[in-house]
Amino acid sequence: MDVVIAEDLWNDEGEGVIATWLFQNGEFVRQGAPLAEVMYEKAGMEIPAPASGHLTILIEPETPVRKGQVIARID
Amino acid sequence: MSATPRRLTIAKAMSEALGIAMEQDPTVLVLGEDIGALGGVFGTTQGLLERFGAERVRDTPISETAFIGAAVGLAAAGMRPVVELMFVDFFGVCMDAIYNLAAKQSYFSGGRVSCPMVLMTSVGGGYGDGGQHSQCLYSTFAHLPGLKVVLPSNAYDAKGLLLSAIADSNPVIFMFHKALQGMGWLGTVPGSIVHVPVETYTVPIGQAAIAKSGTDITLAGLGVTVHHALQAAVTLLQEGIDAEVLDLRTIAPLDRKALAASVGRTRRLIVIDDDYRSCGVSAEVIASACEGGVDWLAVPARITYPDVPVPYSPVLEHPLLPTAAAIVDTARRMFHRKAA
Amino acid sequence: MKPSPDARLLMYAQMFKSRHFEASIKAAYLEGKQPLFNMAKGPIPGEMHLSSGQEPCAVGVCAHLRADDTVTATHRPHHIAIAKGVDLKAMTAEIFGKTDGLSGGRGGHMHLFDPKVNFCCSGIVAQGMGPAVGAALAAKMRGSGSVAVSFIGEGAANQGAFHETLNLAAVWKAPVIFVIEDNAWGISVSKRASTAIPRNADRAASYGMPGVFVADNDVDAVYAAAGDAIRRARAGQGPTLLEIETWRLEGHFMGDAEGYRPKGEVEGLQWRDPITRYRQGLCDAGVESSRLEEIERRERTAVGEAFEFARRSAYPAAHSAFEAVFVE
């Protein structure tokens with residue numbers, strides 16, 4: 001399952017940036033657990049795991065991201 | 001016990017601990033500057049105002065003497081206040097309430113009036129905030145009888161220590177290091193973000209932890225310096241030196257038993273302390289270890305921040321801060337190997 | 001006391017210079033902090049507290065000050081330093097952490113010291129007030145006729161030092177003026193939520209001195225009120241408390257998401273920019289556009305030169321961190 005930046009996570013169409021991944025590549029994560037912190041306009045937002053499984057990180061920290069973008073996969 | 005990892009930053013762990021305590025005990029309240037709607041400048045009280053309301057989560061004016069003094073009175077009256085001193089460097093304006101009132105309430109009353117108060121405060125520099133916003137001041141507080149002082153190096157310990165601090169009937173200074181806090185606008189040492197169980201649990205005050213066991217040398221650290229020590233231990237192992245990293249966790253009362261046990265085995269000690277050098281926790285750790293009677297294989301050493309105010313310019317500040325490389329160099333010299 | 005036409009042009013020049021300086025600092029501060037804002041990175045690390053919007057407070061007061069008058073300021077000092085005549089190149093170099101900075105990179109943006117114009121600032125709320133009273137007492141004992149001015153925010157009026165120093169200044173009849181820059185916010189907490197009375201100027205009476213409120217960030221009104229207070233002080237009539245209604249156009253510190261400010265507040269304030277307003281007033285009073293443009297060009301150049309100086313300046317040698325802890 002894709003881990004996506006939700007469309008309603010922030011209001012405008014600007015870019016956020018991934019600040020921190022709380023897990024490493026390959027780690028098992030539980031549904032609902034915070035996976036990463038994304039900064040938008042100086043406010044931090046958590047991205048929760050949409051499902052349980054093993055994490056594959058697709059976007060590294062300090063990389064800009066847009067709403068709707070896939071930042072990781074859980075298998 | 002939850003099996004799968006749930007990683008939290010220290011900031012999240014602290015606000016989680018506060019939420020648990022406030023849920024379980026209606027006498028717990030939080031006071032401080034910007035701890036309400038903002039959730040704390042360092043994220044320590046996120047979500048609390050929405051859950052518990054403004055009576056128990058109180059933004060204060062910039063009046064530390066007044067609201068910390070008030071916390072002492074609240075504690076005497078049977079409440080359990082948790083008060084935030086935004087930067088430890090601000091203690092100058094309110095120290096009387098801390099060291100003359102909170103710290104001596106039990107003693108002056110013969111134990112009949114306690115002070116179950118927690119003072120949480122940010123410590124540490126290394127990010128260019130200058131001489132009045134970058135200090136550690138561990139020994140300034142540890143030096144004063146009647147205060148307990150803790151400093152977690154990771155989110156698991158942060159939640160457990162904060163719950164212990166709130167449950168403690170004595171005043172506890174709960175320090176959190178800015179380099180470990182997990183704020184998005186300040187770099188965070190990744191090792192501070194660890195698995196934190198959802199359940200309520202405590203970490204005992206006065207108990208150090210072995211962050212990495214070893215046989216050849218004890219590296220004693222607190223807060224961010226634990227992470228420097230862990231990094232140094234990796235390098236040293238590649239050179240055949242098996243270091244033990246002791247996370248002090250509590251600055252006062254120091255776990256002298258754990259320290260004695262560790263140096264009793266390794267017989268070499270380096271203390272790493274990012275506070276000012278003279279009269280620091282590092283000196284106390286070495287003196288305590290010596291008093292325990294150790295057959296030293298090398299003279300104990302300390303790696304500290306020097307006796308100068310914290311300068312602003314990074315080219316001035318950064319060389320003064322303890323690093324893993326400095327630990328490795330000092331250890332090599334202890335083993336009579338050439339420093340890099 | 002209304003400012004003369006020349007004084008008004010000088011004040012416009014200083015406000016324009018100050019705002020341009022802050023805009024340039026903001027741009028330099030954000031270098032190296034993209035895309036992820038990490039406070040430690042870039043040529044200007046640490047916190048940054050910009051004064052954009054508060055220029056009238058500094059300029060209207062400092063218009064009456066001499067080099068031998070003392071000013072103490074806070075964590076938001078740039079507009080006051082500029083208005084006081086602090087060496088702009090050395091100040092900029094200090095903020096960039098360079099060896100040619102006011103203290104060779106030791107102090108940084110919150111700890112700017114320029115003894116040539118008796119200016120200093122520090123970062124703990126209200127703690128600069130005591131030193132201002134001391135400087136004023138020294139002036140009185142020496143009979144120099146100089147005064148001291150302590151700039152603080154409205155949040156400082158709830159700090160113990162405020163009450164102690166006002167009382168002491170009045171007891172000593174010290175030639176000191178306390179200037180509150182009331183921008184209504186102490187980080188995320190509003191003045192209304194934290195202060196027991198609506199007007200801090202009203203507190204002055206409790207301490208035996210006049211309290212004067214200046215509305216609407218009006219630099220001419222600040223000039224008038226400050227002129228009176230400074231004249232009183234020089235004449236040996238003691239301290240005054242000035243409370244100036246102002247506003248900050250940026251966050252408390254750069255990186256502040258300002259979620260606590262009501263929606264539309266900042267945009268609304270930008271329509272009332274005191275500098276744009278003042279410029280319009282000067283045009284309406286007959287000042288030629290070309291004159292104003294010449295002033296703006298000159299000030300932009302001065303700021304540009306200060307930034308070039310700062311960037312070209314070398315970083316200090318690491319061992320200098322150990323110097324100046326004590327004097328010989």
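Taking label positions 7 Å along the Cα-Cβ direction at both B:Asp295 and C:Gln34, the computed distance is 6.5 nm, reported to one decimal.
As a length-normalised measure over Cα pairs under 8 Å and 6 or more apart, the relative contact order of chain A settles at 43 percent. For chain B, the longest principal axis of the alpha carbon atoms and the long axis of helix B:10-24 meet at an angle near 40°. How fast does the stretch B:1-45 diffuse by Stokes-Einstein, in µm²/s, taking the Kirkwood radius from C-alpha pairs at 20 °C and 1.002 mPa s? Rounded, D is 184 µm²/s. A compact globular protein would have a Cα radius of gyration near 2.2 N^0.38 Å; the ratio found for the stretch C:182-276 is 1.26. Each eigenvalue of the Cα gyration tensor of chain B, multiplied by 5 and square-rooted, gives one semi-axis; in descending order these are 33, 21, 20 Å. When the inverse distances between all different Cα atoms of the stretch A:2-74 are averaged and flipped, the Kirkwood radius reads 12.0 angstrom.
Its Cα gyration tensor gives the stretch B:7-195 an equivalent ellipsoid; the semi-axes, largest first and in whole Å, are 24, 19, 15.
Taking one quarter of the surface of the C-alpha convex hull of the stretch C:276-328 gives a mean projected area of 7.0 nm².
Look at the stretch C:100-108: the mean tally of other chain Cβ atoms within 10 Å of its residues' Cβ atoms is 5.
For chain C, the 222 nm mean residue ellipticity estimated from helices alone, with every DSSP H stretch of n ≥ 4 adding -39500 (n - 2.57) and the total spread over all residues, rounds to -13000 deg cm²/dmol. Rounded to the nearest 0.05, the FRET efficiency derived from the C-beta distance between C:Gln280 and C:Ala215 at R0 = 25 Å is 0.85. Here r is the Cβ-Cβ distance between C:Ala138 and C:Asn167 and R0 is 22 Å; the resulting FRET efficiency, rounded to 0.05, is 0.70.
Once both labels are positioned 7 Å from their Cα atoms along Cα-to-Cβ, the gap between A:Thr63 and B:Tyr107 label points is 5.7 nm. Convex hull volume per residue, computed on the Cα atoms of the protein assembly as shown, equals 174 Å³. Here the convex hull built on the C-alpha positions of the stretch C:29-112 has a volume of 89 cubic angstrom per residue.
Taking amide hydrogens as placed 1.01 Å from N in the peptide plane, the amide H of A:Thr20 sits under 5 Å from those of A:Glu37, each at least 5 positions away in sequence or on another chain. Relative to the globular-protein estimate of 2.2 N^0.38 Å, the Cα radius of gyration of the stretch B:1-79 stands at 1.19.
Using only alpha carbons, chain C has a radius of gyration to Kirkwood radius ratio (Rg to Rh) of 0.95. Compactness of the stretch B:44-109 was expressed as the Cα radius of gyration divided by 2.2 N^0.38 Å, which yields 1.19. Take each residue in C:191-199, count the other chain C-beta atoms within 10 Å of its C-beta, and the mean is 2. Close amide-amide hydrogen proximity is noted between C:Cys121 and C:Ala73, C:Leu112, each under 5 Å apart and 5 or more residues distant or on a separate chain (H modeled in the peptide plane; Pro and chain starts excluded).
Remark: C-alpha extents of the stretch B:209-334 on the principal axes read 42, 34, 23 Å, sorted largest to smallest. Taking chain C as a Gaussian network, where each spring joins two C-alpha atoms under 10 Å apart, which residue of C:Val176, C:Val212, C:Val59 fluctuates the most? Highest fluctuation among the options: C:Val212. Taken residue by residue and averaged, Cβ atoms of other chains lying within 10 Å of the Cβ of C:314-326 number 4. Rg and Dmax over the alpha-carbon atoms of the stretch C:204-254 stand at 13.3, 41 Å. The average projected area of the stretch B:176-262, computed from the convex hull of its Cα atoms over all directions, is 6.6 nm². Pairwise alpha-carbon distances in the stretch C:64-190 exceed 20 Å for 44% of all pairs.
FYI, it's all coordinate maths here, none of it is from the lab. The structure displayed is predicted, hence computed values, not measured ones. Using ideal geometry, Cβ is built from the backbone for each residue, glycine included, and neighbour counts are taken over all protein chains shown.
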